[in-house]
1. Let me understand the range A:1-159 better: what is its radius of gyration from the alpha carbons, and its Dmax, in angstrom?
2. Arrange the residues A:R64, B:R55, A:R34 by how much accessible surface each exposes, largest first, with a 1.4 angstrom probe.
3. What residue among B:V200, B:T255, B:G236 has its Cα farthest toward the positive end of the dipole of the range B:193-291, where the charges are +1 on Lys, Arg and -1 on Asp, Glu, each on the Cβ?
4. Hey, could you get me the Stokes-Einstein D for the range B:145-207, Kirkwood radius over alpha-carbon pairs, 4 °C and 1.567 mPa s, rounded to whole µm² s⁻¹?
5. Using θ = phi - 60° and the Karplus relation 6.51 cos²θ - 1.76 cosθ + 1.60, list the HN-Hα couplings for the range B:187-198 in order, rounded to whole Hz, with x at every Gly or Pro.
6. Nothing charged except the Cβ atoms of Lys and Arg (+1) and of Asp and Glu (-1): what's the magnitude of the dipole of chain B about its Cα centre? Round to the nearest 20 debye.
7. Would you list which aspartates and glutamates come within 12 Å of B:K256, measuring only between C-alpha atoms, while excluding same-chain residues fewer than 8 positions from it?
8. Once label points are set 7 Å from the Cα along Cα→Cβ at both B:K256 and A:R317, what is their separation, rounded to one decimal in nm?
2 protein chains.
Amino acid sequence: MNMNTANERVSPGALQQLAESVLAAHGLNADDARDTAAILVLADLFGLSTHGVSRLVSYTDRLRLGGINAQAQIQVQALAPALLRIDADNAVGPLVGHRAMTAAMQAAEQTGVALALVHGSNHFGPVAPYCHLAAQAGFASIMASNATLSITPWGGKQTRLGNNPIGFAVPNPGGHPVVLDMALSVAARAKIRNAAKAGVPIPEGWATDANGQPTTNAAEALKGFLLPVGGHKGYGLAIMVDLIAGLLSGASYLTKVSSWQDDPDKPQDLGHFFLVIDTRRLGSTEWLAERMRDFAQIIHDTPAADPASPVQLPGEREYARWEAQQAQGILIPTDLLVQLRALSASKA
Amino acid sequence: MNMNTANERVSPGALQQLAESVLAAHGLNADDARDTAAILVLADLFGLSTHGVSRLVSYTDRLRLGGINAQAQIQVQALAPALLRIDADNAVGPLVGHRAMTAAMQAAEQTGVALALVHGSNHFGPVAPYCHLAAQAGFASIMASNATLSITPWGGKQTRLGNNPIGFAVPNPGGHPVVLDMALSVAARAKIRNAAKAGVPIPEGWATDANGQPTTNAAEALKGFLLPVGGHKGYGLAIMVDLIAGLLSGASYLTKVSSWQDDPDKPQDLGHFFLVIDTRRLGSTEWLAERMRDFAQIIHDTPAADPASPVQLPGEREYARWEAQQAQGILIPTDLLVQLRALSASKA
């Protein structure tokens, strides 16, 4: 049996506890460890394992090196009733995301809509967990972050832009929310990193090498850049995310964002934005549930090109994994569990 | 000389006057005609001629048939300080867009951020003019609309979704704003319609025929469906736009949106959303101008794959056309001008 490919099932509660203890061992207080862990465990529940508790390895590395501030004091400033600017004080990313999303929801309770612009942050995991939590509380959302360099501007041949993930969600009182969480590259950099680790090739169209030439060699692709989804349109979206999440928030942007891989001891100064819309102001729960049910039915009734693959709404695949893993436990590689248990015992 | 391909240069002011007189001849009051025309002339200035004054032909057709309400009373309701619901009363689309954007900006003067959700509207032209006007007033924006059916849900083979345009803009006090305006299909339906009219083929990857098979025949493509940009990611974005602009606004969505082509005499009940962010709350004009200048320089300095095609920001091509046509006049087909002059003399 190869230890690298063995997996274990871990209950969400046990994984939450393990993640909390890892973070506590690296200097986070109990509240901060809890909220940070909640985002990562949600990512694993959705099957987004490249952005779940596996990230604790690099997060704790950076906490040890002082690249992330374990005792950060996140400051929320209301520039206007519906517009918040948040100084993340170089806190661990998912904690920042959790607090910023919560602050935006609190403001939107009064104003119906609110936007939190965040600077001084770090890699915040996937967007889906924040979208999910906001939707569970009744808020539709648009949320995004800038990111470490990975994409070349359209028509260029040098990485000057992240693959800036963006998420959208609408609550569905009768079932799971509709959640779209996507990076603006054709494929996530983490998938290429995993392919390189495993020594397997990547599909055509994902990336180029350092000279801007298309490649299926994962190691070469890591030295090159990711291709934006939909060519110039994905490039344009990545620019707009960086302008709102990075430039308007007061964070770093483009080439000024620090890489957590190349400079783990430095603050990244990432920027995020969290826009939330209180759907309870729009109509009753029944009104929304009925419209969402009807909308889903129209999509699900679409004749499928392949009858074995029915047409789905964004997020349905992730919620199917969420349900299965809630019931059966979350699949985590054994060697990662060993590593996390060791990290939970180590001192900050 | 073929009249179909002859063009004339018309000053922006003269085109505005002509468009206003066409709309006034079809029952709009002076204020409504002015604001509607302003959006269409801006579209032409940007070179977006498929969505400029050429649209007056179908708009006036529908005004004559009673499909659009010439004397609409657009109602703005504040559901919360930063959240507006707007009943467009089946007004002509660009008028609705102009009024909704203005109402959102007025609300955001107080709250910093505001969102207008619009139902009961019609085709509102391109998004760029609204983004431009908001940016000139100091507001960053995200704006979108649902649309007549043109895309099949990913993995399906029947059109149940529009190519739902979305726009983003950030003001740039030292120059032109950065504006991204894109439909969520690889190509706009209007381009395929023009190719079909001209009897020329369309590029591969734009569309399929009615059986879901890829085609380069423009006429067959008009019977089939558009392909979403970036495959499932563009599909996901089109769904999220319809959920916010259509479902949450109280408008029609998906297959329930009426086609202005197939049923010109019926209200479309389209939905839009207009989100605006008051950038003056974030910092001084100098602060924003300096960051935008720096951001643009990083992008422009990217080594170009083709040295003859320097790397650009979204909207730069459109603003180059805007400047040229402000100076030299807007290029309009002569036969369209003949048609518009006739429409300006006809009774509602």
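The values are calculated or read from the model by the stated rules, or taken from the named source; none is laboratory data. Values in this document were obtained by computation on a predicted structure and should not be read as measured data. Cβ sites come from the backbone with ideal geometry, for glycine too, and all protein chains shown count toward neighbours. We work out accessible area using only protein heavy atoms, side chains counted, and drop any ligands, DNA or RNA first. Shrake-Rupley method; radii C 1.70, N 1.55, O 1.52, S 1.80 Å.
1. 16.8, 59
2. A:R64, A:R34, B:R55
3. B:G236
4. On the way: Rh = 13.7 Å.
Approximately 94 µm²/s, per Stokes-Einstein.
5. Running phi through 6.51 cos²θ - 1.76 cosθ + 1.60 with θ = phi - 60° gives 10, 6, 4, 4, 5, 6, 4, 5, 5, 5, 4, 7 Hz.
6. Numbers: 25 positive and 29 negative charges, 109 e Å.
For this selection, approximately 520 debye.
7. A:D294, B:D242, B:D269
8. It works out to 2.9 nm between the two label points.
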